[in-house]
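The values are calculated or read from the model by the stated rules, or taken from the named source; none is laboratory data. Here the structure is a predicted model, which means the values were calculated and not measured. As a convention, Cβ positions derive from the backbone with ideal geometry for all residues, glycine included, and neighbour counts pool all protein chains shown. We work out accessible area using only protein heavy atoms, side chains counted, and drop any ligands, DNA or RNA first. Shrake-Rupley method; radii C 1.70, N 1.55, O 1.52, S 1.80 Å.
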Amino acid sequence: MQEPAPLTPVQETTLSLLRRSGDALVFDEGFVTHLRDQAEAALAVLSTRLGGETLWVSKGFLARVHGCEVRHLAPDDFAWRPATAAGFVAHKAIELALNWRGEPAPGEVVDEALARLADQADGRGAYVAGLTDGELAELRSRAVDRTTKFLQDFPPLPLSAHPVLEAAAKWRPPGTIELSGKVDLVVGRPAGRESRLLIIDFKSGGHSPFHRDDLRFYALVQTMRQGVPPRKLVTYYLDYSESEVEDVTEGALEAALARTLDGIERHIELTAEGREPLKKVGVACRWCPLQSECAEGTAFVRGDDPEAEPDL
Ligand code: SF4
């Protein structure tokens, strides 16, 4: 059998950040039960205020409602582009690479991933199947870049660690509000009440405080559905080979619940209860479809709004 390749310095550094140090982490059972009771009670009240409407709450929903409220209320104009689709293609390629016989070449697993995705009967499949040659070339190039960086710089993942790519978690308490999260990678096997799961998101760009909020929200959903909080939250920056790591704590889970409930309440005020939305000028104005009709956003993008949020 072939010897595994020695770890590179950057793989060693990342591995040391992800490893468990000290005793096993076990959250107080009473804390988890209380957090769940608190969440269920608050979501039942918020469901009533929604007046029967079903609401799916995701990390994207929370980022939008805590950002510019005018933008939050605008119709959703999301459409896949090579820059945004590269993530799911690379995740599929990495999933194949983890199970590949022999040493996988990034281009090879990306091509296989694209072929499989094009056969998928969903929005992603339809997008990949309908690409022009130029779009396909751009998407392939971006996905190969992400896959190569992951395979070369992230520590190898043994299948015995139960790695799951694009891991989804949902929680539906009584009422009409459902929480759902998805992260790029979950690693670890449950064992009784011990917190073992590592939650990992990969990012192509630079740091943003929203990345931590996204992971905390996933940790909350995972805690609600499994009754056991994860161990660590990791944002891994592919271009920099750097990790931002946060240990899951009672405080982090309480903060995630407070932000989630606050976001849902804002949405209800704006939709069911008719409150006027507030504009929040910031870096997101650059990609806002309403920018051409928004004087504040246009001024910010031109660089002449001294009150605006600084760039992140
Ligand atoms: S341009 Fe900026 S301030 Fe204006 S609606 Fe869009 S996000 Fe809000």
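Points worth noting:
- Residues that are in contact with a Gly (Cβ under 9 Å, 6 or more places away or on another chain), within 13 Å of the ligand (Cβ to nearest atom) and open to solvent by 20 Å² or more (accessible area, probe 1.4 Å) are absent from region 263-275 altogether.
- Filter pass, A115 being under 19 Å from F202 (Cβ atoms) and small (G, A, S): no
- For R36, the criteria (1) in contact with a Pro (Cβ under 9 Å, 6 or more places away or on another chain); (2) open to solvent by 60 Å² or more (accessible area, probe 1.4 Å); (3) not assigned by TED's automatic domain parsing to the domain that holds G188 hold in every case but one, which is (3).
- Unique match (being open to solvent by less than 20 Å² (accessible area, probe 1.4 Å) and touching a strand residue (DSSP E or B) at 6+ places or on another chain (Cβ under 9 Å)) among L98, L62, L55: L55
- Selection of region 135-171 for residues being farther than 16 Å from I94 by Cβ and open to solvent by less than 50 Å² (accessible area, probe 1.4 Å) yields A169, W171.
- Number of positions in region 101-114 that are surrounded by fewer than 14 Cβ atoms within 10 Å (Cβ to Cβ) and either among the hydroxyl-bearing types (S, T, Y) or within 25 Å of the chain's Cα centre (by Cα) (or both): 0
- Among residues of region 276-302 being open to solvent by less than 40 Å² (accessible area, probe 1.4 Å) and in contact with a Leu (Cβ under 9 Å, 6 or more places away or on another chain), the one that is nearest to the ligand (Cβ to nearest atom) is G297.
- Subset tally (residues that are touching an Asp or Glu at 6+ places or on another chain (Cβ under 9 Å), buried (at least 16 other Cβ atoms within 10 Å of the Cβ) and not small (G, A, S)) for region 67-93: 5
- Some residue of region 248-265 being basic (K, R) and farther than 17 Å from L62 by Cα: no
- Members of region 1-19 that are over 17 Å from F154 (Cα atoms) and not acidic (D, E): M1, Q2
- Of all the criteria given as (1) over 22 Å from the mean Cα position of the chain (by Cα); (2) closer than 24 Å to T13 by Cβ, the one not satisfied by F150 is (1).
- Checked against the criterion of being of a type in the set (G, A, S), open to solvent by 40 Å² or more (accessible area, probe 1.4 Å) and either on the phi > 0 side of the Ramachandran plot or touching a Leu at 6+ places or on another chain (Cβ under 7 Å) (or both), the candidates G192, G130 yield just one match: G192.
- A258 outside any loop (DSSP other than H, G, I, E, B) and open to solvent by 30 Å² or more (accessible area, probe 1.4 Å): yes
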